[in-house]
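A.B. asks: Got a structure here, written out as structure tokens. Questions coming.
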Amino acid sequence: MSQINTQKVFKVMVQLIDSISKIPGLFHVVMSSHDVKISMQIPKKVFTIKKNKEYLVYLDSKPISNEEKFDFYMQGKVISLYKNDKFTINISVGGLIVSIEMFEHDFNFKIGDNVYLAIALIS
């Protein structure tokens, strides 16, 4: 029996990096392209993302192969899903929120599902 490949890869540019004044040591990062917008909170101690650089963002329902060298790797749970003119998935990663907005999607995520997210700099 073959498994369905649920991995999705987005090519994005970092648009915004801003420190969160109410929570020292935490950054708000926004990455986007024409079809996706990713907004996340990242602790300073693991922060390696740079503004105006392109990254590949991998999203999957199972652990992502470590064949790639990732700048950032996270595991979280889906806490909410919305579908209006775009599809929004909110993921909790250790209490921090990652929000992904897409205009088209082919995921079968449900609330409570595990989600794996990896980010790699495009060299």
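A.B. asks: Grab the strands (runs of 3 or more DSSP E) fully contained in the range 1-103, keeping just those with 3 or more residues being in contact with a Lys or Arg (Cβ under 7 Å, 6 or more places away or on another chain), under 24 Å from ILE122 (Cβ atoms) and aromatic (Phe, Trp, Tyr).
C.D. replies: On the way: elements: 8-19, 26-32, 36-43, 54-60, 72-83, 87-93, 96-102.
Qualifying strands (runs of 3 or more DSSP E): none found.
A.B. asks: Can I ask one more? Filter the range 59-77 down to the residues that are surrounded by 13 or more Cβ atoms within 10 Å (Cβ to Cβ), over 26 Å from SER19 (Cα atoms) and of a type outside the set (D, E, K, R) and list them by number.
C.D. replies: Residues satisfying the conditions are SER61, ILE64.
A.B. asks: Inside the range 78-123, can you point out the residues that are surrounded by fewer than 14 Cβ atoms within 10 Å (Cβ to Cβ) and at pLDDT below 85?
C.D. replies: Result: ASN84, ASP85, PHE103, GLU104, ASP106, ASN108, SER123.
A.B. asks: A further question follows. Can you tell me which residue is surrounded by the most Cβ atoms within 10 Å (Cβ to Cβ) among those in the range 10-25 that are of a type in the set (A, V, I, L, M) and modelled with pLDDT of 85 or more? Reasoning before the result, please.
C.D. replies: Here is the first cut: in the range 10-25, the residues of a type in the set (A, V, I, L, M) are 12-14, 16-17, 20, 23.
Now narrow it down to the ones that are modelled with pLDDT of 85 or more: 12-14.
Details: VAL12: 21, MET13: 14, VAL14: 19.
Only one residue fits best here, namely VAL12.
A.B. asks: Mind listing whichever residues of the range 28-58 are modelled with pLDDT of 90 or more, surrounded by fewer than 19 Cβ atoms within 10 Å (Cβ to Cβ) and among the β-branched types (Val, Ile, Thr)?
C.D. replies: Of everything in the range 28-58, just one residue is modelled with pLDDT of 90 or more, surrounded by fewer than 19 Cβ atoms within 10 Å (Cβ to Cβ) and among the β-branched types (Val, Ile, Thr), namely VAL30.
A.B. asks: May I ask you to list the residues in the range 7-52 that are more than 14 Å from the chain's Cα centre (by Cα) and among the β-branched types (Val, Ile, Thr)?
C.D. replies: ILE17, ILE20, ILE23, VAL46, THR48
Each row is one residue, and each column tells you yes or no for (1) under 18 Å from GLN7 (Cα atoms); (2) out of contact with any helix residue (DSSP H, G or I) (no Cβ under 9 Å at 6 or more places or on another chain).
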| site | (1), (2) |
| --- | --- |
| ILE20 | no, yes |
| ILE23 | no, yes |
| LYS37 | yes, yes |
| THR48 | no, yes |
| ASN52 | no, yes |
| ASP60 | yes, yes |
| PHE72 | yes, no |
| GLU101 | yes, yes |
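A.B. asks: Within the set of pairs 6 or more residues apart or between chains, which connect a residue that is within 12 Å of PHE107 (Cβ to Cβ) inside the range 81-96 to a residue that is of a type in the set (Phe, Trp, Tyr) and outside any strand (DSSP E or B) with Cβ atoms less than 7 Å apart?
C.D. replies: Matching pairs, first to second residue: LEU81/PHE109; ILE89/PHE109.
The values are calculated or read from the model by the stated rules, or taken from the named source; none is laboratory data. Worth saying up front: this structure is predicted, and the values here are computed from it rather than measured. We place every Cβ from the backbone using ideal geometry, glycine too, and count neighbours over all the protein chains shown.
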